[in-house]
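Asks: To start, I am sharing the structure in question, which I have written as C-alpha cells.
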Amino acid sequence: MGKKASENFKVYQNENGPKISTVSRSVIEEDGKYFKDIDGSGKISEVNDWRLPARKRAEAYVKTLSVKEKIAQLFISDWRMGKYPHVVSEKNEDGTGGPVLDESGTLDEAEFHGKTIFGEQHLPGTSTLIKEWFSRHLILRANPPAEDLTDFLNQLQKVAEECGHFIPVEMVSNSRNENGEVVYGMNDAAGVFPTWPGTLGIAAAIKGDDMKIADQFAECVRDCWNASGLRKGYMYMADTMTDPRWQRTFGTFGEDTKLIGEIFEHIIPIIQGSKDGVTDDGVAMTVKHFPGGGARENGFDPHYKMGQWNVYQTEGSLEKYHLPPFQTAIDCNASSIMPYYAKPAKEKSAPQTDKNGAEMEMLPYGFAFNKPFIDGLLRRQMGFKGYINSDTGIVHNMCWGVEMLDKPERVGFAVTNGGVDLISGLFDNEEGLEAYERGKNDYYDTHPVPEGFTKEELVLTDESIDRAVTCTLTELFELGMFEDPYRDPKKSAETAAKREYWDQAMDAHRKSVVLLKNDGVLPLAEEKLEGKKVYAEAFGKDKESAKEATDALREALPAEILTGDPSKADYAVLMVSPSSGAYFSATPGFLELDICDGKVVHDVDDEGRPKAETHCETTLAEAGRIAEIAEAVHSNQGKVIINVNFTLAWQLGNVEPCADALTAGFNTYQPALLDVIFGRFAPTGKLPFTLPKNDDVLKVDENGVCISPNDVPGYDKDKYMPDEMKDENGKAYAYRDAAGNYYEMDFGLRYDE
C-alpha cells in the first residue's frame, strides 16, 4: 500500500471549527462548513455534526452501529506492524519461556498465529481485521522510526474509512519517552522519541529540582505522540511502590505518595490537553493499575499465579498510601483507568476503609471483575467519569478469581458486572457475541449457572454494551479522530527529532543522578586527573552485555588516561547494572534484591512460603570482582567510584563498602552519569524510594508473612518493624552506609556537602 495514505489525504479547514482530513470518505459542505460523512447517511446527522458535544454524538452512533460492530469495540489487542518484528512469547507448560521474534509482512499479510503470555490467537490480515472483524483498538509493540510509524497509522485509517460506518483506528502504546530495556508487554519502545530517564529517574530529578521537569516531559510526550498519530497511551503508573520486590517498580514514580499525585496533577492536563479531559491536540491517558499494584504479597507479580493477591496487612493502608494518586488522576479527568490483575486477599488483610469510612468489601475477584472496587469505590465514591480499560489478559491467562467461568462468562462478568468498557488481551469478538447471545437465547435454562454467580451477571446486555461503546467512542470524538485521523509523516519525524525536547530530556538525565556517598573524590575535575590513570569497567546481568557496556564506557573516556590494570589505577569507574528475575514468570524464590552472583537462597512453595530446598540467584555477573578491583585500586592508594543503575531498590551491602564515591542512576544515559562524575554537572537528584538494609528486613516467616509490611512504603516501614531490629536512631529498615547516612527516600548529597 506504500505511502499513498500519507500522500493522498485531503484536508478541509473549517473556520472556527475542526480540520477535516480524509482519503476516501465523503465530505458534506453546508453554509461554508465541512462535515465528514462518518455514519454513511449522506447528511449532517447527530453523528456527523462536529458542533454537538462528543458524548451526544457517541450516543447517537451507538444507535446506528450493529451488535457485531459494537461488540468489536469491546476488545483491544496487540497488532503487528509491517516489516518491524512483532514480539511473541513461547510459553512452556510451567509458565517459563522467553520472547521470540516473528517477522511479519505487509499491511495485508496472511493469517498470523500469535502466542503471548496473555493468550493465543489466530489472526487475519489487517484489512480483514478492520473491515470484517470491525476491530478498532490495537496495541503497538514495535519500535519504528517516527515517519514509518505515522505512515503505518495513516494506512490503517485509510482502510477504516472504506467501511460503511467509519470509526478511526485507535493505536495504543505503553510509554515511549523513557530510557530502559525494551521488553515486550512492559516497555515496548525507547530511543525514537526524545528519551528521558526512567520514571524513577524523573521522580529523582523532580525531587532534587522542581516540577518544571514534569511539565517539560508532558509537553514533549503530547507533542510527539499527537504528531505521530498515536493518540492514547497506557501511561503512567500511579502505583505507590511499597514492596521492593515488585518487578514493576521500575515503571513507577517511586514510593512517595504525595509526589506521585503532584506529578499526575501536572502531566495529565498537559498530555491530555486540558484539566477537563482530552482535546483534539491531546493524547488520552490510561492511568494504571487501580487500586495500586504496589501492595504485592512479598513482591510476587500477578502476571503469574503466585502473585494473584493484593495484601493489605496494615489497617488503613489502602486509603493512606495507595488511593491518593488515583484520586488526583480522577480529579484531573484522566480519560481511562486500568485495574490491576490482582484480587484483594481478605484473609491476609487488616480492615480497610472506603472513602465513606465504611469497611471495604473484599470480594476475591481480580479488580477488573470487582464491583465494590470499580463501581462502588472508583466510580461512585472517588467520582471517576472516564472509562475502564482492563489490564491485558483477564479473559485468558490472568483471570484471577474467575477461573471457574468460561471465556464468554468472563467477558460478560467484566463488562456487565465489573463495569469494564474495554478488555485488553485478545480480539475476543466471538466470545463477546456468545456472551450476548446467551442473554437472548435462554442458554442458562439448559446450562448450569456457576455457583456464586447469577446469569444476569454473566451475559452481555444491550445496556452494558451500549454503555461501554459510548465511553470509547466519546474519547475518539473528543480527540478529534473522527474528523482528523491523519498526520504528516515528515512533521512526525521533525517533532521526534526536536532539539529542545532532546536537550530537556538530557538535562533530566543529569538531574536524575543521586550522589549517595562521597569522601571528596568527586568531582573528578581535570586537575585531579592530571598524570593519573583510570580503570573503567561495566557489570551487567551477563558477561556479554557487560563486555559491550565496558567497551562503550572506555570509548567515552580519553584513551590517554585509561589503564587495563586496576592495581595501577588512581581511580576506578565502575558501572553496575543489576537485573533480577523475569518479567512474566515466577522465580523459584522471592525476587532477589541483593547484588550477587551465585547466592544460595530458599525456594518458595505454591503458597509463597519459604521451603527448605534452595537454588542459586545471580543479579550481577561476576559481582565478586567489584571487591577484587576495589582492593587492587586501594592498594595503589587509589579511589573507587561506582554507579548503580536502579530498576529495583537494590541492597548495597556488597557494593557500597567498596566505593569511595557512589552514585545512583535510573536508566540514566551514560553521558549524563559521566557529566556528574567528571564535574561537568553538579548532582541534585534525591532517592525516590528507600533502599532496604539487607535480607533481614525482607525476611518471610513460615506462614508467608514478611517482617516489613508489603503495603507500606519504605519511609514508613520502621513504624511496624520489631524494636529489637532498630538502631540507636530508631531505624531498622533503611540501608546505612559507612559514613552513617541512611539511604532513605529523599536522600541525596551535593558536592558542597
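Laboratory data are not the source of any read-out in this text; all were calculated from the coordinates shown. Please read these numbers as outputs of a predicted model, since none were measured by experiment. No Cβ is skipped: glycine too gets one built from the backbone with ideal geometry, and neighbour counts run over all protein chains shown.
Asks: For every other residue with a beta carbon closer than 12 angstrom to the beta carbon of Pro610, add +1 if it is Lys or Arg and -1 if Asp or Glu, then tell me the sum. Display every interim value, and only then the final one.
Replies: Details: positive: Arg609, Lys611, Lys699; negative: Asp603, Asp605, Glu607, Glu613, Asp695, Asp701, Glu702.
So the environment of Pro610 carries a net charge of -4.
Asks: Another question, if that's okay. So what's the angle, to the nearest 10 degrees on a 0 to 90 scale, between helix 429-438 and the longest Cα principal axis of the chain?
Replies: Orientation of helix 429-438: about 60 degrees from the principal axis.
Asks: Moving on to the next point. Would you please name the trypsin sites (Lys or Arg not before Pro) within the range 363-416 that are DSSP coil residues with at most 16 other C-beta atoms within 10 Å of their C-beta? Can you show the working numbers first?
Replies: Working: sites: Arg379, Arg380, Lys385, Arg410; in loops: Lys385.
Hits after loop and neighbour filter: Lys385.
Asks: Could you work out the local net charge near Leu687, counting Lys and Arg as +1, Asp and Glu as -1, over the other residues with Cβ closer than 11 Å to its Cβ?
Replies: Values: positive: Lys207, Lys686; negative: Glu255, Asp256, Glu744, Asp746.
Cβ neighbours under 11 Å give a net charge of -2.
Asks: I would also like to ask the following. Normalising by the residue count of the range 296-411, find the relative contact order in percent from Cα pairs under 8 Å and 6+ residues apart. Mind showing how you got there, number by number?
Replies: Working: 178 pairs, mean separation 32.4, N = 116.
Relative contact order, the range 296-411: 28 percent.
Asks: Scan the chain and hand back the longest stretch that contains none of the chymotrypsin sites (Phe, Trp or Tyr not before Pro) lying in DSSP loops with at most 16 other Cβ atoms within 10 Å.
Replies: Values: sites that count: Phe453, Tyr751.
Longest stretch, sites excluded: 1-452.
Asks: Of Thr240, Val169, Asn48, which is farthest towards the positive pole of the chain's charge dipole, taken about the Cα centre with +1 and -1 on the beta-carbons of Lys, Arg and Asp, Glu respectively?
Replies: Toward the positive end, the furthest listed residue is Asn48.
Asks: Another question, if that's okay. Could you grab the relative contact order for the range 234-305? Cα pairs under 8 Å, six or more apart, rounded to a whole percent. Working shown, then result.
Replies: Values: 104 pairs, mean separation 33.3, N = 72.
Once normalised by length, the contact order is 46 percent.
Asks: Here's another thing I want to ask about it. From the Cα gyration tensor of the range 477-617, with a ≥ b ≥ c the square roots of its eigenvalues, which class applies: rounded if a/c is under 1.5, or else prolate if a/b is larger than b/c, or else oblate?
Replies: Working: a/c = 2.56, a/b = 1.08, b/c = 2.38.
It is oblate, given that a/c is not under 1.5 and a/b is not larger than b/c.
Asks: Expressed in nm to one decimal, what extension gain is obtained for the pair Asn741 and Asp406 from 0.36 nm per residue of sequence separation less their Cα-Cα distance?
Replies: Numbers: separation 335, 0.36 × 335 = 120.60 nm, distance 5.48 nm.
Additional length available on full extension: 115.1 nm.
Asks: Still on this structure, I have one more. Which one of Cys596, Cys616, Ala672 has its Cα pushed farthest toward the positive end of the charge dipole of the range 595-678, where Lys and Arg give +1 and Asp and Glu give -1 at the Cβ?
Replies: Among Cys596, Cys616, Ala672, the one farthest towards the positive end of the dipole of the range 595-678 is Ala672.
Asks: With +1 on each Lys and Arg Cβ and -1 on each Asp and Glu Cβ, and nothing else charged, work out how big the dipole of the chain is about its Cα centre, in Debye to the nearest 20. Present the calculation step by step, with values, prior to reporting the outcome.
Replies: Working: 82 positive and 126 negative charges, 280 e Å.
Roughly 1340 debye, rounded to the nearest 20.
Asks: Net charge within 11 Å of Asn16 by Cβ-Cβ distance, Lys/Arg positive one each and Asp/Glu negative one each, not counting Asn16 itself?
Replies: Details: positive: Lys33, Arg51; negative: Glu15.
Summing Lys and Arg as +1 and Asp and Glu as -1 gives +1.
Asks: Using the eigenvalues of the Cα gyration tensor, what equivalent ellipsoid semi-axes result for the range 591-639 when each is taken as the square root of five times the eigenvalue, whole Å, largest first?
Replies: On the way: eigenvalues 229, 14, 10 Å².
One finds semi-axes of 34, 8, 7 Å for the range 591-639.
Asks: I'd like the antiparallel share, as a percent to the nearest 5, of DSSP beta bridges with both residues in the chain. It would help to have the intermediate numbers written out before the result.
Replies: Working: 34 of 79 bridges.
Of those bridges, close to 45 percent are antiparallel.
Asks: Once both axes come from the Cα atoms, what is the angle between helix 146-161 and the longest principal axis of the chain, in degrees from 0 to 90, rounded to 10?
Replies: 20 degrees
Asks: Kindly express, to the nearest 10 degrees and within the range 0 to 90, the angle between helix 212-228's C-alpha long axis and the longest C-alpha principal axis of the chain.
Replies: 40 degrees
Asks: Shifting gears a bit: Among the lysines in the range 521-663, how many pairs, 8 or more places apart or on different chains, have alpha carbons under 13 Å apart?
Replies: Details: Lys528/Lys639; Lys532/Lys568; Lys532/Lys639; Lys533/Lys568; Lys533/Lys639; Lys568/Lys639.
Close lysine pairs found across the range 521-663: 6.
Asks: Could you list, in their original order, any pairs among Lys33/Lys63; Lys275/Lys343; Lys517/Lys693; Lys36/Lys491 whose Cα atoms are separated by more than 22 Å? Spell out each step's value before the answer.
Replies: On the way: Lys33/Lys63 25 Å; Lys275/Lys343 31 Å; Lys517/Lys693 16 Å; Lys36/Lys491 24 Å.
Violating the 22 Å Cα-Cα cut-off are Lys33/Lys63; Lys275/Lys343; Lys36/Lys491.
Asks: Using the crude model of +1 on Lys and Arg Cβ and -1 on Asp and Glu Cβ, and no other charge, please compute the dipole size for the range 488-622 relative to its Cα centre, in debye to 20.
Replies: Working: 18 positive and 28 negative charges, 90 e Å.
With only Lys, Arg, Asp and Glu charged at Cβ, the dipole is about 440 debye.
Asks: Using alpha-carbon pairs under 8 Å, 6+ residues apart, how would you state the relative contact order of the chain in percent?
Replies: Values: 1782 pairs, mean separation 108.9, N = 753.
Over the chain, the number comes to 14 percent.
Asks: Estimate the FRET efficiency between Arg467 and Lys498 by the formula 1/(1 + (r/R0)^6), using the beta-carbon distance for r and 45 Å for R0, to the nearest 0.05. Kindly include the intermediate steps, with their values, before the conclusion.
Replies: Details: r = 40 Å, r/R0 = 0.89.
Efficiency, from the Cβ-Cβ distance: 0.65.
Asks: Compare the Cα positions of Tyr751, Tyr486, Asn643 along the charge dipole of the chain (+1 at Cβ of Lys, Arg; -1 at Cβ of Asp, Glu; about the Cα centre) and return the one farthest towards the positive end.
Replies: With unit charges placed on the Cβ atoms, the residue in question is Tyr486.
Asks: Another one. What is the magnitude of the charge dipole of the range 637-704 about its Cα centre, with +1 placed on the Cβ of each Lys and Arg, -1 on the Cβ of each Asp and Glu, and no other charges, expressed in debye to the nearest 20?
Replies: Details: 5 positive and 7 negative charges, 77 e Å.
Using only the charged Cβ atoms, the result is roughly 360 debye.
Asks: Counting other Cβ atoms within 10 Å of each Cβ, which GluC sites (Glu not before Pro) in the range 267-374 have at most 14 and sit in a DSSP loop? Display every interim value, and only then the final one.
Replies: Details: sites: Glu297, Glu315, Glu319, Glu347, Glu359, Glu361; in loops: Glu297, Glu315, Glu361.
Counting only loop positions with at most 14 other Cβ atoms within 10 Å, the GluC sites (Glu not before Pro) in the range 267-374 are Glu315.
Asks: Return the loop-located trypsin sites (Lys or Arg not before Pro) in the range 43-83 (DSSP other than H, G, I, E, B) with at most 16 other Cβ atoms within 10 Å of their own Cβ; answer none if there are none. Don't skip to the end; give the middle numbers.
Replies: Values: sites: Lys43, Arg51, Arg55, Lys56, Arg57, Lys63, Lys68, Lys70, Arg80, Lys83; in loops: Lys43, Arg51, Arg80, Lys83.
Listed in order of number, the matching sites are Lys43, Arg51, Lys83.
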